[in-house]
Each structure stands twice: as C-alpha cells, then as structure tokens.
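Novice: Have a look at this one before I ask anything.
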C-alpha cells in the first residue's frame, strides 16, 4: 500500500468525528469542548451549585476556577484529540510497516498503546 493510500483511508471510530472546538472560559462558564454539530463533548469545569441555574441564566451558580489555566489547557488538548488521533494513526501506518530498529519498535509499541487507549481497546 502506498503512503497516499494510507492517508486517505477512512476507518470508523466510536467517538464523535471532528473537528472539535475549544470554547474558552468566561465569567459565566469554564472552558469546554463542542463537537461539529454544537453539542458538548466535554465540560472542563465545575459549577459552584450544579443544581442551580448559572448566573447568566438568572441563578447563583458560578464556575469554580480551581484549576485556573489547567482547565483551559485541558480543553484545548481535548479539542485537538480527533486530529491527534488521525495523525498518530497515519504515522503508525507509514512507519510501522518498515521498522526493524529496536528504538523504533519501542516507539511503535507506545503508539499502539495510545491508539488502543483512544479506541477503548487498551488492556
């Protein structure tokens, strides 16, 4: 198989396809990630009163900034997950079929473990 054929193959995944969008935190909500159709993929924050409306919606619940910059950094990393997954899968396909060097084989094992973790196949 040619490298160009590897990069154009589509394999179904069980997660929401990308692109995912990072939404930065504001005074009304913490950072979160939305999917291609606007639905939430992940909220990266906690509200002060999860059972109440947010301040923006007339309630008294506010985002708790216990992680400060880490919450936004986590949301950015999560938003990049579909592209990172595809890039790693393609790198594995391109280099995996011709590796014999011990260092490369260790690297490929870590790639395989990351891909298995992303697809729920990790042992």
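Novice: What does the extension gain come out to for residue 98 and residue 113, with contour length at 0.36 nm per residue minus their alpha carbon separation?
Specialist: Net length gain for the segment: 3.5 nm.
Novice: Sticking with this structure for a sec: Could you give the length gained by full extension between residue 80 and residue 123, i.e. 0.36 nm per residue of separation minus their alpha carbon distance, to one decimal place?
Specialist: 13.1 nm
Novice: Please state the shape class of the range 21-79: rounded when a/c is under 1.5, otherwise prolate if a/b exceeds b/c and oblate if not, all from the C-alpha gyration tensor.
Specialist: Since a/c reaches 1.5 but b/c is at least a/b, the shape of the range 21-79 is classed as oblate.
Read the figures in this text as sums done on the coordinates, not as results from a lab. Everything quoted here is computed from the prediction, not taken from an experiment.
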